[in-house]
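Peer 1: Submitted below is the structure of interest, expressed as structure tokens.
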Amino acid sequence: MASIKIAASLCVALVSTVVSHGEALSQDAFKEFKQLGGTPKMPKLNAFTAPSAPDVQTSTSRDIIMEAKLTNEGQPMMEGLAWRVFSPIPGPDGKLPMLASSDGGSAEFHLAPGDYFVNVSFGRAGVTKKLNIPTSGKIDKQVLILDAGGFVLNAITGTDKRISPNQLKFSVYSSDTQEDGERRLVTSDVKPNTIIRLNAGTYHVVSEYGGINAVVRADIQVEAGKLTEATLQHHAAQITLKLVSEHGGEAIADTAWSVLTGSGDIVNESVSAFSTMVLADGEYTAIARNKDKVYQRNFKITAGQDSDVEVLMKDQAPEDVTSDFE
């Protein structure tokens with residue numbers, strides 16, 4: 001697998017690509033990971049409304065075979081496809097009625113002569129084609145090119161420390177911003193080692209580690225017929241806060257915690273003897289309140305270095321800090 005380095009403003013993604021040397025290798029690459037299914041939104045098709053809808057009752061149905069490929073040069077897909085056939089005439093709800101469907105690989109439909117829209121999807125990748133079935137003559141096999149690939153996401157912290165999958169989630173956005181300045185969300189809450197099937201193009205990936213402020217971003221390219229494995233690099237660590245009477249002592253229960261950044265912004269609050277969280281690199285202040293007394297300690301987060309942070313009961317906070325938490 002060739003290595004590709006992706007540069008981003010806030011992170012580095014280490015990327016390797018599985019390139020298909022034949023249909024067996026190409027499709028097998030998409031089987032090795034948990035798959036993220038789903039059907040993409042149908043494009044706005046009613047702009048191509050035909051003059052009349054097929055008359056299924058009075059027309060003689062004809063057989064039509066359809067197949068899809070990831071690329072022009074690829075082999076027909078044998079599984080994982082979702083086929084949908086739509087009438088070109090919108091229904092009362094303004095949507096195109098679905099007339100037939102099939103899941104798996106190649107599909108065969110029996111349709112009356114007339115106009116249709118055929119959509120085939122592979123995960124979140126898809127393509128739509130306008131189809132005309134004549135009343136007589138030969139009907140060629142219909143081949144749709146998905147121009148699709150996919151990627152599998154993971155993340156580390158520090159130089160090479162793997163992050164527990166239950167502490168990670170990814171969101172995928174379009175690379176372009178919309179009129180309101182926001183990116184279009186493609187899919188969210190994606191777990192590590194999950195295949196995301198997408199049309200070829202560039203996507204903006206956001207990785208969240210721990211759910212507080214450890215967030216990194218990267219732009220990742222999806223190439224048709226290829227599966228890209230991308231590992232994003234976080235600069236964060238997990239800590240556990242404890243209020244103790246002496247170093248190594250028992251954590252004191254019913255302690256209310258606040259964690260502040262170096263500039264004084266609150267990033268997390270909790271009530272627990274042990275307050276565990278993931279924080280991005282930087283300097284912080286831990287404020288502990290127990291039985292109307294407030295204690296504090298400054299500490300630093302270094303990427304990949306998980307640790308316990310003890311706040312001693314002798315480290316009572318200054319009066320001005322104490323008043324803020326009364």
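None of the figures in this text is laboratory data; all of them are computed from the coordinates on show. Just so we're clear, the structure is a prediction, and the values are computed from it rather than from any experiment. Here Cβ is always computed from backbone atoms with ideal geometry, including for glycine, and neighbour counts include all displayed protein chains.
Peer 1: If you consider only alpha-carbon coordinates, what radius of gyration and Dmax does the range 180-299 have, in Å?
Peer 2: For the range 180-299, the Cα-based Rg and Dmax read 19.7, 63 Å.
Peer 1: Next question. Work out how far the C-alpha atoms of the range 88-144 reach from end to end along every principal axis, then list the three figures in whole Å, largest first.
Peer 2: Largest to smallest, the principal-axis extents are 34, 31, 15 Å.
Peer 1: Kirkwood-based Rg over Rh for the range 104-217 (C-alpha set), two decimals?
Peer 2: 1.16
Peer 1: Compute, for the range 243-306, the length of the dipole vector about the Cα centre, with Cβ point charges of +1 (Lys, Arg) and -1 (Asp, Glu) only. Units Debye, rounded to 20.
Peer 2: Here the size comes out at about 160 debye.
Peer 1: Enumerate the calculated ³J(HN,Hα) couplings along the range 273-283 in order (Karplus 6.51 cos²θ - 1.76 cosθ + 1.60, θ = phi - 60°), each rounded to whole Hz, writing x wherever the residue is Gly or Pro.
Peer 2: 5, 10, 10, 9, 7, 10, 10, 6, 3, x, 9
Peer 1: For the residue pair D265 and D306, what label-to-label distance in nm results when each label sits 7 Å from Cα along the Cα-to-beta-carbon direction?
Peer 2: 2.7 nm
Peer 1: If you don't mind, there's one more thing I want to ask. Could you rank the peptides 63-70, 101-108, 129-136, 144-151 by their average count of other C-beta atoms within 10 Å per residue, with the highest value first?
Peer 2: Final packing ranking: 144-151, 63-70, 101-108, 129-136.
Peer 1: What order do you get for 201-211, 227-237, 267-277 when each peptide is scored by the mean count of other beta carbon atoms within 10 Å, highest first?
Peer 2: 227-237, 201-211, 267-277
Peer 1: With the Cα gyration tensor of the range 169-223 in hand, convert its eigenvalues to equivalent ellipsoid semi-axes via √(5λ) and list them largest first in whole Å.
Peer 2: Ellipsoid half-lengths, sorted descending, are 18, 16, 9 Å.
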